[in-house]
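Let me begin by presenting the structure, written as structure tokens, before commenting on it.
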Amino acid sequence: MNSGGTRRSLLGIRVSFVAAAVAATAAVAAASLVLSGCTITPGEPVPSNTPPASPPKSASSVIHGGLGRFTFRPDGPLEDNPIRVWYSAPHGSLADADILIVMHGAQRDGKDYRSDWLPLLKGTNTLLLVPEFSERQYRGVEAYNLGRTVNRDGDLRPHDEWSFGAIEQLFDLVVDEVCSSATDYALFGHSAGAQFVHRFVEFMPDARARVAVAANAGWYTVPDDSIAFPYGTEDAPVSASEMRPAFAQRLIVLLGLDDTDPHDDLLQRDRNTDKQGKTRLARGTHFFEQARSAAAEDAAPFNWQLLTVPGVAHEHAEMAAAALPLLGLTDD
């Protein structure tokens, strides 16, 4: 995940927006420098003959200060699989706001996840994005937890069909839409979202997440080429022996010390997952230790961390609070 990566071209990205935030008035829209994307490159001087804004709530006609949502259509094979994005934005210019992308759990409840983060982000200059991968558009574990790397028969999909790529496209879209100077973002996922996040790091090492936090995942793709994908990396999109770039990225495996119920209804229990442990705490610890061993065998730099949260079980809001200081967000 190259934090200094060049912003990708937005040509061809088709986006439709659902008006869910308060729309700008016609007068303000006419006075704004930007109505749909940046027409003035960040850093370039504003032409002297351009009338000053009056002033808009932000440089975007879609993302405004406060709460809202829009619908994003990824480019390419996923263009018919729209993603609703719940957001929270600071008031005023968003050019210097940090960008935080949060991945929801198995309930596909993006709006609820946004609500859990709102009190945590008070006093920070953070644009929060919670993409909601609906069950209708992204059916089952394959399309969400596994990043759509495989189809329902377990066969590997081409790279451009992965839902992982939608995160990078969403970042590009938002950077352009709000004239942001951001070159990277923070990524957080809980439960099924943590499954998405740790595989995102494993299989998308050139993505621009400067830090990724995977909290309380139910099970993992362990870097072990003797175990078949998706539980291990035999026949995976990236093998353990090819994970040197991923090991160099900043991934934090965040585990609640009380997430130890082996009978949790949402915890997948079968022969393959139980080899990783009987609880989320055990499985997360196993994943981290196996990854560290794989990196050591290859003499690869290892920038992953394992952190635990005392007194917390499988609770998103509490895990989000524990993750907050790890994300490098700036004050308002």
Taking amide hydrogens as modeled 1.01 Å from N in the peptide plane, which residues meet the under 5 Å criterion relative to D225, leaving out close sequence neighbours?
-> T233, A240
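Please list the three semi-axes, largest first and in whole Å, of the ellipsoid equivalent to region 72-191, using sqrt of 5 times the eigenvalues of its alpha carbon gyration tensor. Write down the numbers at each step before the final one.
On the way: eigenvalues 139, 54, 23 Å².
The answer is 26, 16, 11 Å, longest axis first.
Kindly provide the chymotrypsin sites (Phe, Trp or Tyr not before Pro) of region 81-127 that DSSP labels as loop, not H, G, I, E or B, and whose Cβ sees at most 16 other Cβ atoms within 10 Å. Show your work: numbers first, answer last.
Details: sites: W86, Y87, Y113, W117; in loops: none.
Answer in residue order: no site qualifies.
Could you give the length gained on full extension between S226 and T260, defined as 0.36 nm per residue of separation minus the Cα-Cα distance, in nm?
Working: separation 34, 0.36 × 34 = 12.24 nm, distance 2.71 nm.
Between S226 and T260, full extension yields an extra 9.5 nm.
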Run down the aspartates and glutamates and flag those whose C-alpha is under 17 Å from the C-alpha of K278, throwing out any fewer than 8 positions away in its chain.
-> D258, D259, D261, D264, D265, D270, E289
With a ≥ b ≥ c from the Cα gyration tensor eigenvalues, square-rooted, and the rule rounded for a/c under 1.5, otherwise prolate when a/b > b/c and oblate otherwise, region 280-332 is oblate
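Only loop residues by DSSP count here, and only those with at most 15 other Cβ atoms within 10 Å; note down the trypsin sites (Lys or Arg not before Pro) in region 111-200 that meet that. Before the final figure, lay out each step's value.
Values: sites: K111, R114, K122, R136, R139, R148, R152, R199; in loops: K122, R136, R139, R148, R152.
Counting only loop positions with at most 15 other Cβ atoms within 10 Å, the trypsin sites (Lys or Arg not before Pro) in region 111-200 are K122, R136, R139, R152.
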So who's got an amide H within less than 5 Å of the one on T308, skipping anything under 5 residues away but keeping other chains? H placed 1.01 Å off N, in plane.
-> L255
Find how much the distance from R136 to D80 grows on full extension, using 0.36 nm per residue of separation minus their present alpha carbon separation; answer in nm with one decimal.
-> 19.0 nm
What residues from region 232-274 fall in the zone where the backbone N is under 11 Å from a label point 7 Å along the Cα-to-C-beta line of A282?
-> 260-263, 274
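Given 0.36 nm per residue, what is the gain on full extension from D298 to A321 after removing their alpha carbon distance, in nm?
4.8 nm
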Antiparallel %, DSSP beta bridges [both residues in region 148-289], to 5 = 10 percent
Region 303-318 - phi-based ³J(HN,Hα) in whole Hz, Karplus 6.51/-1.76/1.60, Gly and Pro as x = 10, 8, 10, 10, 10, 10, 10, x, x, 10, 9, 9, 10, 4, 4, 5
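What does the charge count around P205 come to, taking other residues whose C-beta lies under 15 Å from its C-beta (Lys +1, Arg +1, Asp -1, Glu -1)?
Numbers: positive: R199, R208, R210, R244, R250; negative: E168, D184, E202, D206, E242, D298.
Cβ neighbours under 15 Å give a net charge of -1.
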Euclidean distance of C-alpha centroids, region 134-211 and region 216-230, integer Å = 17 Å
Cα centre as origin, Lys/Arg/Asp/Glu Cβ charges: region 166-271 dipole, Debye | 240 debye
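No value in this document is a laboratory result; all are computed from the given coordinates. Quantities reported herein were computed from a predicted structural model and do not represent experimental measurements. Methodologically, a virtual Cβ is constructed for each residue, glycine included, from the backbone with ideal geometry; neighbour enumeration extends over all protein chains shown.
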